[in-house]
Amino acid sequence: MRTSCALAKQWLDSGRRTGRLAVNISARQLSEERFVQKILDILAEHGISPDQLEIELTESAIMRNIEKSVSSLNQLRDAGIFIAIDDFGIDHSSLQRLMECPINIIKIDRFFVSQIGNRKSEAIIAAIIAMAKSIGASLVAEGVETAAQADFLHRQGCHLMQGYLYSRPIPAKEFAAFLDSSGT
């Protein structure tokens, strides 16, 4: 978290627009006693506004200790931090329990995206999109590798995508150069 916030601050100070900083959080981190305060302290230490941070967790990380997770996530969301469920649809969790979570973003797992063309996978994607829209959550499709996948997702109403179609993962220095070359 500290490294990510330090890089984000460096990019912001140099005039680069990076969008929200997304940081994956593990179940162990989420269960730490002072988790929320640590996150808020790190943001303050680096001068990052809470609304510039997106915490990404898997369903299983949340379900490990649902009561503590919901409490911590509510505190983070109340502070202005965005909450994303990563790899949605692959873990065995209760939709009833997920309803308790303050979710801003649902990320469709790459497995379903890789199976576009298969009726069942397409139906599951359509159901995830409909569910996300009905609870007011944004959507991101992970693992988009082809224009056909992007076209299908766009037609279904998912307009934010990540994957090799757009860029391979790149180191921080290369990302800064990418931002500079794209005029942001």
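The values are calculated or read from the model by the stated rules, or taken from the named source; none is laboratory data. The model shown is predicted, which means the values in this text are computed figures rather than measured ones. When we count neighbours, we look across all protein chains shown, and the Cβ atoms used for this are built from the backbone with ideal geometry, even at glycine.
Looking only at the range 26-37, how many residues end up being in contact (Cβ under 8 Å) with a residue 12 or more places away in the chain and either outside any helix (DSSP H, G or I) or out of contact with any Ser or Thr (no Cβ under 9 Å at 6 or more places or on another chain) (or both)? If you could, list the steps in order and put the result at the bottom.
Let us first name the residues in the range 26-37 that are in contact (Cβ under 8 Å) with a residue 12 or more places away in the chain, namely 26-27, 30-31, 35-36.
Next, from what is left, pick out any that are either outside any helix (DSSP H, G or I) or out of contact with any Ser or Thr (no Cβ under 9 Å at 6 or more places or on another chain) (or both): 26, 31.
Qualifying residue count for the region: 2.
In the range 126-151, what residues are outside any loop (DSSP other than H, G, I, E, B) and out of contact with any Leu (no Cβ under 9 Å at 6 or more places or on another chain)?
A126, A127, A130, S134, A148, D151
Of the conditions (1) modelled with pLDDT of 95 or more; (2) assigned to a loop (DSSP other than H, G, I, E, B); (3) out of contact with any Lys or Arg (no Cβ under 9 Å at 6 or more places or on another chain); (4) not acidic (D, E), H154 fails just one. Which one is it?
That leaves (2) as the condition not met.
If you take the residues of the range 55-96 that are among the basic types (K, R) and under 12 Å from L30 (Cα atoms), which of them is modelled with the highest pLDDT?
Once the filter is applied, the top-ranked residue is K68.
Have a look at A132, A147 and point out the one that is without any contact (Cβ under 8 Å) to a residue 60 or more places away in the chain and surrounded by 12 or more Cβ atoms within 10 Å (Cβ to Cβ).
None of the other options fit; the residue is A132.
Cβ contacts < 9 Å: first residue within 17 Å of V36 (Cβ to Cβ) and part of a helix (DSSP H, G or I), restricted to the range 1-25; second residue modelled with pLDDT of 90 or more and not aliphatic (A, V, I, L, M), any location; separation 6+ or different chain. Result?
R2/E45; R2/H46; C5/E45; C5/H46; C5/G47
If T58 passes every condition in (1) surrounded by 15 or more Cβ atoms within 10 Å (Cβ to Cβ); (2) farther than 25 Å from G143 by Cβ but one, which one does it miss?
The one condition T58 does not meet is (2).
Just checking, does the range 39-57 include any residue being under 18 Å from the mean Cα position of the chain (by Cα) and touching a residue at least 60 places away in the same chain (Cβ under 8 Å)?
Within the range 39-57, not a single residue is under 18 Å from the mean Cα position of the chain (by Cα) and touching a residue at least 60 places away in the same chain (Cβ under 8 Å).
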